[in-house]
Amino acid sequence: RYLADKHDNIKYLGYVSDDEKVRLYSGAEATIQTSIHEDFGLVPREGFARGTPAIVPNEGGHAEAIHNEDCGIAFNPSNRAENLRKAVRRFDESEYDSDILRRESERYDIETIKPQLEKQVRKAVKRYG
């Protein structure tokens with residue numbers, strides 16, 4: 001947060017409501033997530049649901065989220081600040097199709113993944129239960 005205070009083009013928002021989050025994702029050129037060791041990569045997928053591409057580290061769940069160039073840019077997490085800077089500079093919002101991004105997010109809709117999760121839980125119960 002304090003790093004953001006030094007820049008007039010970065011605003012730390014803290015907690016935002018779900019409605020506000022939808023509004024912010026919808027109006028953004030890109031969703032930028034810099035954390036590493038993410039298991040799933042929820043943040044870029046939330047952006048996809050609003051048609052917003054992502055700029056994320058190329059590791060963990062983020063690497064899976066940006067599995068093709070239609071979704072955004074994945075940068076090398078080593079020397080994270082410099083590689084993020086380079087990714088932001090080469091990012092061009094016009095290269096992304098919001099309909100493709102929204103379809104990508106549908107892969108993780110609860111109705112889509114629920115049967116897969118149930119199947120895995122049944123297998124685990126059968127094996128360990």
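You will find that of Gly41, Gly72, the residue that is open to solvent by less than 60 Å² (accessible area, probe 1.4 Å) and at pLDDT 95 or above is Gly72 and no other.
Would you please name the residue that is farthest from His62 (Cα to Cα), looking only at residues in region 17-48 that are small (Gly, Ala, Ser) and either in contact with a His (Cβ under 7 Å, 6 or more places away or on another chain) or touching a residue at least 60 places away in the same chain (Cβ under 8 Å) (or both)?
In the first step, residues of region 17-48 are kept if they are small (Gly, Ala, Ser); the result is 17, 26-28, 30, 35, 41, 47.
Now drop any that are not either in contact with a His (Cβ under 7 Å, 6 or more places away or on another chain) or touching a residue at least 60 places away in the same chain (Cβ under 8 Å) (or both), which leaves 30, 41.
Working: Ala30: 14, Gly41: 5 Å.
Residue satisfying both the conditions and the ranking: Ala30.
Only one of Ile32, Ile66 is touching a helix residue (DSSP H, G or I) at 6+ places or on another chain (Cβ under 9 Å), β-branched (Val, Ile, Thr), surrounded by 14 or more Cβ atoms within 10 Å (Cβ to Cβ) and within 20 Å of Ile113 (Cβ to Cβ). Can you tell me which? Of Ile32, Ile66, the one residue that is touching a helix residue (DSSP H, G or I) at 6+ places or on another chain (Cβ under 9 Å), β-branched (Val, Ile, Thr), surrounded by 14 or more Cβ atoms within 10 Å (Cβ to Cβ) and within 20 Å of Ile113 (Cβ to Cβ) is Ile66.
Selection of region 75-120 for residues being at pLDDT 90 or above, open to solvent by 90 Å² or more (accessible area, probe 1.4 Å) and either at positive phi or β-branched (Val, Ile, Thr) (or both) yields only Asn79.
The values are calculated or read from the model by the stated rules, or taken from the named source; none is laboratory data. Because the structure is predicted, anything quoted here is derived from the model rather than measured. Cβ sites come from the backbone with ideal geometry, for glycine too, and all protein chains shown count toward neighbours. We work out accessible area using only protein heavy atoms, side chains counted, and drop any ligands, DNA or RNA first. Shrake-Rupley method; radii C 1.70, N 1.55, O 1.52, S 1.80 Å.
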